[in-house]
Every structure is written in structure tokens, then in C-alpha cells.
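Peer 1: The structure's right below; bear with me while I get my questions together.
The values are calculated or read from the model by the stated rules, or taken from the named source; none is laboratory data. Predicted, not measured: the structure shown is a model, and the values here were computed from it. Glycine gets a Cβ as well: all are built from the backbone with ideal geometry, and neighbour counts include every protein chain shown.
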Amino acid sequence: MLREITIGQYYPSNSILHRLDARVKIIGALLFIVCLFVFHNPAGYALSTLFLISMITVSKVPVFYIFRGIKPLVYLLLLTVIFNLFLVPGKYIVSWWIFHISAEGVRMAVVMALRLIYLIFGTSLLTFTTTPNNMTDALESLLKPLQAVKVPVHEIAMMMSIALRFIPILLEETDKIMKAQTARGADFESGNLIKKIKSLIPVLVPLFVSAFRRANDLALAMEARCYTGGKGRTKMKPLQYQRRDYLAFLFFCVYLGMMILTKIADVKIPIRL
Amino acid sequence: MLLSLKNVDYYYGKDTVYEVQALKQVSADFAENEFVGLIGHTGSGKSTFLQLLNGLEKPYSGEVLFHGKNIWDRDFNRKQLRAGVGLVFQYPEHQLFEADVISDVCFGPRNFGLSEEEARNRALWALDLVGLEKRFHQSSPFELSGGQKRRAAIAGVIASKPEVLVMDEPTAGLDPKGKKEILDMLSALRRQEKCTIILVSHSMEEVAEYVDRIMVFDAGSIVFDDQKEKVFSHIEELERIQLAAPQVCYILRALKQKGFAVDTGAITLEAAKETILEAVKNRSHA
């Protein structure tokens, strides 16, 4: 049932994207997202699309896997589209009762939906190709400068990695509990909204109990191995940039350069509706 | 036939890198009032098999029939099927959620359409059967000890009076006394209610003692499905798939090699004791 939620999961493969230094991938994903929001001209979107498609192809992650990542966010997407569609003022092209749709609104709705979807794709590609362990190490390394202003970088990275690690565990647990309650005749699909929410109590209570139990066990296990936080902690596999990582950086620079170029040249393809 | 599977295939993560075929062309029949043991090492497909029995998982191909009707037919009521085929998962105490034990046990019967009073009577009956005393009925399930939680959770399924009771390692993590009590309770339930019990276990002694028929799973297939004595006579094959026969079988074999006229077909402690005493008596007479 819930096994379909793929966002935040790792997908094992042996592509170049998988082998890249996680720091490179994080910077790349950030760059992609920033570009998505800064350069909003058609040529920019075309370039982003191209970038995304090539990354997905290189990653060897099945496309339907990436698409499934949108599923849990479909309502958010829909809401964004609807709000933009009806609330953006401009020259109205459709008017009915109190509802007005402007050309601007249509454009904004499409743009926002596209941005959100690309955002999800970009970030899920990052988690698909990076193991949680690598991700934490990379984050820790990237955030190191913040230590100077007393930010507990290691602890934050550790918390994030635990949170990420627990997503699939808790999903599996939810699946198991739902099945067990279904076996006792629970019904999660039929009924009105209130009934549906009520039907979740038999799932949520055991889930919380088990989350606390797991957290407790984990804390105990970490203490038993003398974990005391980041101070003086060394790495078994320290991150080191390879040749391919520098090449990737070069590639990102080219991407950024081309993005800036689209802005300067201001390739205007006027959208006529 | 009460419950049967016909040529069932099941996959996890179909069409991904995680794809595993959990069951390969599995067929099985369960008649009324049977006591069947399922053995097989971890990952052999037992748990998947159990979830197919009450329609929690849908077979990729093949059929699951309850009273001769395909449970995946469009007009089949799978909710009522789950009242007829009760499934107790591993560590069922992790699914307790109500404020008190008796309400938790009532959850199943109430879902299956029983009135409040009937559900309560069923719950009292089930709690009595699993041996959870009255003083615990009103306490929070989270205050109970591990063994008591387990009983409360099992009562929650038994309360629906299923025709087939499926149990995934109900004795895992319990002390020897707790294990024996649960298994004795299952035997009693079967005698009283004439229901069929399907039991997954990792203890060969347990299955040798309690069940009549054994199904052996290996890598998604059923390799043996026979009377327990016959299954345990294939010690070598069982060992090849990382299982074993009950310990007494090994002792009897060793005794036989030493020249004692014991019956190596005995698989329970009681039967072994008798044949050994018999052999020793005969020897001293000779």
C-alpha cells in the first residue's frame, strides 16, 4: 500500500551519478533549484528540462520511479495550480460568476506546477543516487564553515541522516500495522472524511508507540557504542574529490553560464493565449 | 475444500531492481479442522503466503479460493473473508491501540458487524481462552507485560471466531512457559471450535509436538507437504535447506547406530522416551 512512496529513498545502481561525490550532487541540486527560480524565461526552462532529462538518463533510475515521487504531493500541486489560476489578476480570458481566469494566471499556474515538479524531480534524483550515509557526510562537510559561529553541524547532520533513514522504516511499519488492522476488519477506504480520519487511529497509535520504541533503542545502541557527538570524531571513509567530481563541477559551471546567457540574451518567446 | 491456493506467483517490487519472486507456482489445500505447521528459513516465502490467505496481498497470477470461491472476484466480500480467515502477525502486540484491553479485543468483532454486546461477549470469551485474567481487562494494553500483550493481541483475532486461524510465529520471544501456554491454547481452540489452524514456527520441536501436517517452504516453493512424521524422515533434505529435524530424531538415529532397536520415526519427546525405554528393556532381557 505505502510501498509506493518513493520520495527520499535510495535506488541502488552503478551510474556515474551514483559514484559522484555527494557534495557535488548537493551543490548541483541546489544550483538546479536556484536556477529554476531565478531564470524564469522559456529558454531557461528548456535548458532546465534538458539538464533534468540528461541527469535522469545518466542516473539509470527508472523514470516511473521518479514520477511516483510526485504522487504524495499531487494535492499540493493541484492547490498551487488552482490558486494561481484563479487569483492572479490580469486580462481575463474566462469569466464565470466570481471566477476569473487571466492569461497571466494560466501562465503562472503552468510555471508554478512546472517548477514544483522539477523541484521534486531534482531533489528526489539526489536522494535516489546518494545513500543516506553519504548524504550526511556531505552535508556535514559542506556546513563545516558554520561551526565557526557555534552551529552544531555534526549533530544536525546526524539528526538529518537518522530522519532520512527512518522514512522507509516507518513506512514499512505503517504498512505492517495497516495490514494487521485490515486483518481485524479495519477499513481505510470507505466512509466520509471524519470516518476516514477516525479509522487512522488504530494505525497512528501503534505507529507512535513503535517510533518512540525505535528511537529509544537507537539512542541506547548509540550510547552503547560510546557515541558522544561530533567532537573528535573521525571518518572511516573521508570524502575526497576525484577527477569526475571536478568534471561535474565544470559541467555545472557550463550549465550556470548558459542559464545566465539566456537571461542576458533574454530570449523572449511570447506566450500568446 | 475450505481454503486453497492454486498455482500462485507473487513478486515484490515487480519491474524494479528490487524485484524478488517471493512465491513460485505455489498450490496448497487446507481442509476443516486441520492443524498445519509451516516451516522454512527466513525469506522462504512463508509470510507472503500467509498474507495471500486472507487477501491482504493479491497474487500476481493464480487463484486463492475460500469455500471454493475466488477471493479476488469482483463481488467477493474480502472484509468478511478476514472474519473467516483470521491472521495474527508476528509480534501482534505492536498493533494494540485502544485505551483498555477489552476495547482492543472488541475492535475486530465490531468491525465485522457484531453488535456492541455481542462483540463484548466475544471479547470476554476470547480473553478467557487466552488466559488473560479479568483484572487486566480494564487496564491499558501498554501497561501489560510482553506475554500478556501477546495474549491480548491474539485474543483480538480469535474474538472474530475465524474458521481458519493463521499465526505467524506466535511464540517468538516468549519464555518456554509462555510458549507452551499459547500452543496449548491453540490446540484447545481447535478442539472446541473445530477450526483450522495454520502455524508458522522456527522450532521443529514445536511443530513436531502440536501440528499434524507440515508444509516446508524453500525459496518461494513448497518442497514438502505431508504428515509430520513423513516430513521429518527427510532429515538430509531439510538440512540442505537450512532446516533440521527435532532434536530427538538425532538422538534416536545415534542410538540406532549404537545398536539399540529404537524406532527412529518418533519425533516427539514423549514418543522418543517410550521407544528408548522399550529398547533398553528389550536389551536387558536379551
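Peer 1: From the residues in the range B:26-49 that are at positive phi and buried (at least 16 other Cβ atoms within 10 Å of the Cβ), which one is nearest to the chain's Cα centre (by Cα)?
Peer 2: Just the residues of the range B:26-49 that are at positive phi, to begin with: B:33, B:40, B:43, B:45.
Restricting the remaining residues to those that are buried (at least 16 other Cβ atoms within 10 Å of the Cβ) gives B:40, B:45.
Numbers: B:Gly40: 12, B:Gly45: 14 Å.
It comes out as B:Gly40.
Peer 1: At least 2 residues that are within 14 Å of chain A (Cβ to nearest Cβ) in each: list the strands (runs of 3 or more DSSP E) lying fully within the range B:1-102 that qualify. Explain how you work it out, then say what you get.
Peer 2: On the way: elements: B:3-12, B:20-30, B:35-39, B:61-66, B:85-88.
Fully inside the range B:1-102 and qualifying: B:3-12, B:20-30, B:85-88.
Peer 1: I need the helices (runs of 4 or more DSSP H) fully contained in the range A:1-103, keeping only those with at least 1 residues that are in contact with a Gly (Cβ under 8 Å, 6 or more places away or on another chain) and β-branched (Val, Ile, Thr). Spell out the reasoning first.
Peer 2: Working: elements: A:16-19, A:22-38, A:42-59, A:63-68, A:74-87.
In the range A:1-103, the matching helices (runs of 4 or more DSSP H) lie at A:22-38.
Peer 1: Somewhere in the range B:219-230, is a residue aliphatic (A, V, I, L, M) and either at pLDDT 95 or above or in a strand (DSSP E or B) (or both)?
Peer 2: yes
Peer 1: Related question: Could you list all residues from the range B:35-67 that are among the basic types (Lys, Arg) and farther than 20 Å from A:Gln181 by Cα?
Peer 2: Those that are among the basic types (Lys, Arg) and farther than 20 Å from A:Gln181 by Cα: none in the range B:35-67.
Peer 1: Which one of these is more than 25 Å from B:Gln80 (Cβ to Cβ) and touching a Pro at 6+ places or on another chain (Cβ under 8 Å): B:Glu98, B:Glu93?
Peer 2: Numbers: B:Glu98 fails: more than 25 Å from B:Gln80 (Cβ to Cβ).
Answer to the check: B:Glu93.
Peer 1: Using the structure shown, decide if A:Leu146 is surrounded by fewer than 19 Cβ atoms within 10 Å (Cβ to Cβ), touching a residue at least 24 places away in the same chain (Cβ under 8 Å) and of a type outside the set (Lys, Arg). Spell out the reasoning first.
Peer 2: On the way: surrounded by fewer than 19 Cβ atoms within 10 Å (Cβ to Cβ): yes; touching a residue at least 24 places away in the same chain (Cβ under 8 Å): no; of a type outside the set (Lys, Arg): yes.
The answer is no for A:Leu146.
Peer 1: Hey, another quick one. Looking for something under 18 Å from the mean Cα position of the chain (by Cα) and of a type outside the set (Val, Ile, Thr) - is there at least one such residue anywhere in the range B:123-137? Reasoning before the result, please.
Peer 2: Residues of the range B:123-137 that are under 18 Å from the mean Cα position of the chain (by Cα), as a first pass: B:126, B:129-130.
After this cut, where a residue has to be of a type outside the set (Val, Ile, Thr) as well, the list is B:126, B:129.
Within the range B:123-137, one or more residues are under 18 Å from the mean Cα position of the chain (by Cα) and of a type outside the set (Val, Ile, Thr).
Peer 1: Which of the residues belonging to the range A:166-223 are surrounded by 17 or more Cβ atoms within 10 Å (Cβ to Cβ) and either more than 12 Å from chain B (Cβ to nearest Cβ) or outside any helix (DSSP H, G or I) (or both)?
Peer 2: Within the range A:166-223, A:Leu171, A:Arg184, A:Gly185, A:Ala186, A:Ser199 qualify.
Peer 1: Any residue in the range A:116-123 that is within 24 Å of A:Phe39 (Cβ to Cβ), under 15 Å from the mean Cα position of the chain (by Cα) and without any contact (Cβ under 8 Å) to a residue 60 or more places away in the chain?
Peer 2: Yes.
Here is a yes/no grid of residues against (1) more than 30 Å from A:Pro168 (Cβ to Cβ); (2) surrounded by fewer than 16 Cβ atoms within 10 Å (Cβ to Cβ); (3) small (Gly, Ala, Ser); (4) more than 14 Å from chain B (Cβ to nearest Cβ):
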{"residue": "A:Ala43", "(1), (2), (3), (4)": "yes, no, yes, yes"}
{"residue": "A:Val63", "(1), (2), (3), (4)": "no, yes, no, no"}
{"residue": "A:Leu77", "(1), (2), (3), (4)": "no, yes, no, yes"}
{"residue": "A:Val88", "(1), (2), (3), (4)": "yes, no, no, yes"}
{"residue": "A:Val94", "(1), (2), (3), (4)": "yes, yes, no, yes"}
{"residue": "A:Val110", "(1), (2), (3), (4)": "yes, yes, no, yes"}
{"residue": "A:Arg115", "(1), (2), (3), (4)": "no, no, no, yes"}
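Peer 1: Evaluate the range B:178-192: report whether one residue or more is polar (S, T, N, Q), surrounded by fewer than 17 Cβ atoms within 10 Å (Cβ to Cβ), at pLDDT below 95 and over 23 Å from B:Val85 (Cβ atoms).
Peer 2: No, because not a single residue in the range B:178-192 is polar (S, T, N, Q), surrounded by fewer than 17 Cβ atoms within 10 Å (Cβ to Cβ), at pLDDT below 95 and over 23 Å from B:Val85 (Cβ atoms).
Peer 1: Pick out the one residue from B:Leu52, B:Leu23 that is within 21 Å of the chain's Cα centre (by Cα), hydrophobic (A, V, I, L, M, F, W, C) and closer than 22 Å to B:Gly108 by Cα.
Peer 2: Values: B:Leu23 fails: closer than 22 Å to B:Gly108 by Cα.
On inspection, the qualifying residue turns out to be B:Leu52.
Peer 1: Do we have B:Leu243 as in contact with a strand residue (DSSP E or B) (Cβ under 7 Å, 6 or more places away or on another chain), closer than 22 Å to B:Val36 by Cβ and of a type in the set (A, V, I, L, M, F, W, C) here?
Peer 2: Judged against the criteria, B:Leu243 is a match.
Peer 1: Could you count how many residues in the range B:122-162 are within 14 Å of chain A (Cβ to nearest Cβ), assigned to a helix (DSSP H, G or I) and not charged (D, E, K, R)? Before the answer, list the steps.
Peer 2: Residues of the range B:122-162 within 14 Å of chain A (Cβ to nearest Cβ): B:122-123, B:126, B:140-144, B:146, B:149-150, B:152-162.
Filter once more, so that each one left must be assigned to a helix (DSSP H, G or I): B:122-123, B:126, B:141-143, B:146, B:149-150, B:152-158.
If we keep only those that are not charged (D, E, K, R) as well, we get B:123, B:126, B:141-142, B:146, B:152-158.
Qualifying residue count for the region: 12.
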